[in-house]
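The values are calculated or read from the model by the stated rules, or taken from the named source; none is laboratory data. All values reported here derive from a predicted model rather than from experimental measurement. Cβ: placed from backbone, ideal geometry, glycine included. Neighbour counts: every protein chain shown.
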Amino acid sequence: MRENSHGIHNTKLFVALALFFAALPCLAQYPGQVTNKPKETPAMRSVAVVEWTGDDLSKAKSSRLIPISVWDGKEFQDGGIFLARPQPMALDPGVEYELLQNGRKTGYFDIDGAGRQQSGWFGQGKWKPLPSAPSAAELVRQRAAVKIDAEDEDSDEPILHRKHPAGESDTPTDSAQTEKAPLPDGDRPTLHRGGDAAGESGSSEPTLHRGGDTGSSSSNAAPDPDRPRLKPTTPAADDDPDRPKLGKKQPQQNSDDLVSSIPSSGDPDRPTLKRGAPAGYGNEVLPTMIGLPPDLKQQLAVSDPKTLKDHPWDYSWANPDDPRAMKEALETEARKALGLLPPPAPAPAPKKPATAAKRKPAPEPPPPPPPAELEDEQFRVFELSYGGGATMVFSAWADVTDASQKSTRKFVTLIAQPDLYGGVSVLAKITTDSAHLDIKPRMRLIDAVDAMGDNRGELVFELRGQAERQFALYRVLRGQAAQVFATEALFFGTQTK
């Protein structure tokens, strides 16, 4: 009885150990664990500014692209230094930028190369126009072609086509003769009709020639590689018609004509001098733009793998007179910020009442002085989000003379929105003067752009100092205008007014 119970005990222990070792692979994987799929890498969106000189970018004298920002899905990166190996990612060869003007595409700018100039990277490239829409005649032709192709695909009837190899005649007799004609034998005489060979035209009797001996009529025969050749003769000096003769005055020739008239050398490895760069050798050398030329023009550009629809920033006023009234109100705010408004006149002192005999009519007050002139006024209105209100940007400058008769040029930039009472609410006011540009640069509006790809626009400004400049993005939200990004300072030299 003891042996039986002891055997049952061993059997139970063996079964328990077998179940434990069998469950080990299952315990290695936690049944409740959920495998998270890796998140997709966010698409980069690069914002840059294209600068050029000339009337139009398509016929620019010189051009360059300066990267501003790269949105990586979480924050802005400086486009001039982001992933530089050695040039930044925004200037990799083959990158294409869409040129934007007030939110509308106007063309493309393809990067061909990058360079470093005055402590900053810039890109070189070519301008490309937008693809033109097909004309009405082209649309009709495309529809007809599609219709014909559809009818051919639906038809079950076989279509016979005659094939004609290259060089074969269409007549059946010529084709049959060509197929039945035997191959020529090198040692067998063949018959040729008179007139086929050069120098025997006019004879109609067949003549006998040995196969392979073409005589003077074998101009199309392939050359024999084993046939010895003589050294080509160099034309004698007296036989050269272009060689000048002694005792005769030759007409004056251009240096290019003299060089082109030299006979080529028989040496195939002899170098040949030519004017200009060889075609297809290296990249095209474009004119380099240095500093800030006086006729510099700027336009924003965006590069994004995703193709977004155009988002125009135009704002439609309910009243046609509102733009004029808003501009006049901003001009008053600008004069006040620049100190151009005269101080208010003091109130006159009260006078004692005079008798009727001595009472005299009061003199008319002098007319107010004309408002000070503002130079280079720029007034832009944007609708930075769908259904949003108007965002106005006003900038100008003026030469102000102080009490010591010293003239100083002052600059002002205003970001404002209409208020509920028909006036303007200034969100940001930036003023500076020519003596402090190195401390507080001047703000110059370039345009509005969707820098994050969220269908909301940001204002792009150039902060131009005395010898350096930056590019900054401003976001207008909930009645505030705040700077959300600024590039590193770029040195450009002495500023030209």
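Can you pull out the residues in the stretch 380-405 that are assigned to a strand (DSSP E or B) and over 25 Å from residue 452 (Cα atoms)?
Result: 395, 396, 397, 398, 399, 400, 401.
I'd like to verify a number: residues in the stretch 424-465 that are part of a strand (DSSP E or B) and more than 17 Å from residue 313 (Cα to Cα), how many?
Residues meeting the conditions: 16.
Going through the stretch 466-488 one residue at a time, which ones are more than 26 Å from the chain's Cα centre (by Cα) and under 14 Å from residue 120 (Cβ atoms)?
Once the filter is applied, which keeps residues that are more than 26 Å from the chain's Cα centre (by Cα) and under 14 Å from residue 120 (Cβ atoms), the stretch 466-488 yields only 467.
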Please determine, by comparing only the residues of the stretch 390-419 that are among the acidic types (Asp, Glu) and over 30 Å from residue 102 (Cα atoms), which one is modelled with the lowest pLDDT.
402
Take the residues in the stretch 105-119 that are buried (at least 18 other Cβ atoms within 10 Å of the Cβ) and of a type in the set (Gly, Ala, Ser), then tell me which one is nearest to the chain's Cα centre (by Cα).
107
Quick check: anything in the stretch 321-337 in a loop (DSSP other than H, G, I, E, B) and either at pLDDT below 85 or of a type in the set (Val, Ile, Thr) (or both)?
no
Of all residues in the stretch 45-83, which are surrounded by fewer than 18 Cβ atoms within 10 Å (Cβ to Cβ), in a loop (DSSP other than H, G, I, E, B) and not hydrophobic (A, V, I, L, M, F, W, C)?
54, 55, 56, 61, 72, 73, 74, 75
Boolean, residue 123 is touching a Gly at 6+ places or on another chain (Cβ under 9 Å), surrounded by fewer than 21 Cβ atoms within 10 Å (Cβ to Cβ), outside any loop (DSSP other than H, G, I, E, B) and of a type outside the set (Asp, Glu):
no
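Does the stretch 406-423 contain at least one residue that is part of a loop (DSSP other than H, G, I, E, B), over 30 Å from residue 50 (Cα atoms) and among the hydroxyl-bearing types (Ser, Thr, Tyr)? Outline the logic, then answer.
To start, the set of residues in the stretch 406-423 that are part of a loop (DSSP other than H, G, I, E, B) comprises 406, 419-423.
Remaining after also requiring over 30 Å from residue 50 (Cα atoms): 406, 419-423.
Okay, now just the ones that are also among the hydroxyl-bearing types (Ser, Thr, Tyr), so 421.
Within the stretch 406-423 (the criterion being part of a loop (DSSP other than H, G, I, E, B), over 30 Å from residue 50 (Cα atoms) and among the hydroxyl-bearing types (Ser, Thr, Tyr)), the answer is yes, since at least one residue qualifies.
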Checking residue 131 against (1) surrounded by 15 or more Cβ atoms within 10 Å (Cβ to Cβ); (2) under 28 Å from residue 312 (Cα atoms); (3) more than 11 Å from the chain's Cα centre (by Cα), the condition it does not meet
(1)
Checking residue 425 against (1) closer than 18 Å to residue 330 by Cα; (2) crowded, with 16+ Cβ neighbours inside 10 Å; (3) polar (S, T, N, Q): exactly one of these is not met. Which one?
(2)
Pairing a residue in the stretch 103-120 that is within 14 Å of residue 303 (Cβ to Cβ) with any residue that is among the aliphatic types (A, V, I, L, M) and loosely packed, with under 14 Cβ neighbours inside 10 Å, where Cβ atoms lie under 7 Å and the two sit 6 or more apart in sequence or on different chains, gives 105/130; 107/130
